[in-house]
Amino acid sequence: MNKLLLTAYGFSTPSIKYAAQKMIRENKVTKACIISTSWPKEKEKHPQMQQIRKELRNMNIQQVDFLDVEFEDANKLFDYDLVFLNGGYPFYLLHFIKKSGADYILRKIYQNGKLIFGLSAGSIVMGPSINLMQYLYPEDNLFDDKDLTALNLTHLQVYPHFKEMLTRDAAIKDKITEYENKTGIPIERLNNNQALEVDNGMQIFLG
C-alpha cells in the first residue's frame, strides 16, 4: 500500500480531513513526524506547524513530533508511521532534504508503505522536480542549486494556492501555461480547498 496526500493548505475541508483520517486509520498510525525545515527562521514555532500538529493529534495520533533535517539526524524519520512535509519555501526544504540524505530515507519509507503527507511546498517536493518554481521564482533559489530533482514519489507536479495567487499576480495563469507548453509537463493547479490523494499511482481529486 503506497499512499500520498498532496494538499495546498492542509486539512482545509471536511473531504480532505476525512481522506487523511481514513489513511491514518487504515495504516494504524501511532507516531507522526512533521518536517519543520521549510520555514528557515520560525521552524516548529510557525503557526502553521503548530496547527498541523494539533490537527494530527485530534486524529488520534498518540505522538506527533517535529524534525528539522537541516540540523537533526534524518534517520529518525524511520521511527514514524507518517511523515508530514510542511509548507514554506520549497527551495530551502528540498536543499536540506537532499543535503541531509532525507531524500533517500523518504523514498525508502514510501516504498515500505508508510504514509507521507504534504502541504504546499511539501507537496511540491514530492513530485519529480521543482523546475516550475525555478521558472516562476528564480530569486527564491537562495543556494543557487542546479539540480532541482525532487523526491519523485509521484509523477504529479502541483502548483498550490492557484486561485489565491491570481489575486496577487494575474499573470501567473499565463506563466504556468507557458511553462506547460515549453516543457510538455502538465501542472496540477490546487486551490487552498483542494488536494490530491495518490493511491498506488491512482490519482484521487479532493475538493
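The values are calculated or read from the model by the stated rules, or taken from the named source; none is laboratory data. Just so you know, these numbers come straight off a predicted model, no measurement behind them. Using ideal geometry, Cβ is built from the backbone for each residue, glycine included, and neighbour counts are taken over all protein chains shown. Just the protein is used for accessible areas: all its heavy atoms, side chains included, with ligands, DNA and RNA removed. Shrake-Rupley method; radii C 1.70, N 1.55, O 1.52, S 1.80 Å.
Here are a few things to note about the model shown:
- Secondary structure note: in region 9-159, about 5% of the DSSP beta bridges are antiparallel.
- A 1.4 Å probe run over region 1-79, with the rest of the protein chains in place, finds 52 Å² accessible per residue.
- Annotation note: trypsin sites (Lys or Arg not before Pro) in region 110-207 located in DSSP loop regions with a Cβ neighbour count of at most 12 within 10 Å are Lys146, Arg168.
- Karplus-derived 3J(HN,Hα), 6.51/-1.76/1.60, for each residue of region 2-8, Hz, glycine and proline x: 10, 10, 10, 10, 9, 10, 8
- Centroid-to-centroid separation of region 1-29 and region 72-129 [C-alpha atoms, Å]: 16 Å
- Normalised by the number of residues in region 1-136, the mean separation of alpha-carbon contacts (under 8 Å, six or more apart) gives a relative contact order of 35 percent.
- Loop-located GluC sites (Glu not before Pro) in region 100-207 (DSSP state not H, G, I, E or B) with no more than 11 neighbouring Cβ atoms inside 10 Å do not occur.
- Checking every one of the chymotrypsin sites (Phe, Trp or Tyr not before Pro) in region 45-88 against DSSP loop status and a limit of 12 other Cβ atoms within 10 Å picks out Phe71.
- Amide H contacts under 5 Å for Val69, placed H, 5+ residues apart: Ser36, Thr37
- The chain - percent of accessible surface contributed by carbon and sulfur, probe 1.4 Å: 49 percent
- Candidates Asn58, Asn192, Asn141, ranked by Gaussian network fluctuation over the chain, Cα under 10 Å, top entry: Asn58
- For the chain, the Kirkwood estimate of the hydrodynamic radius, built from every pair of different alpha carbons, is 16.9 Å.
- Three-way shape label, region 140-204, alpha-carbon gyration tensor, a/c 1.5: oblate
- Rounded to the nearest 20 debye, the dipole size of region 73-174 about its Cα centre is 280 debye, using +1 on the Cβ of Lys and Arg and -1 on the Cβ of Asp and Glu.
- Number of Lys pairs (Cα under 24 Å; 8 or more positions apart or on different chains) in region 54-187: 18
- Relative intensity, log₁₀ I(q)/I(0), of region 1-64 from a Debye sum that treats every alpha carbon as a point, q = 0.18, 0.22 Å⁻¹: -0.70, -1.01
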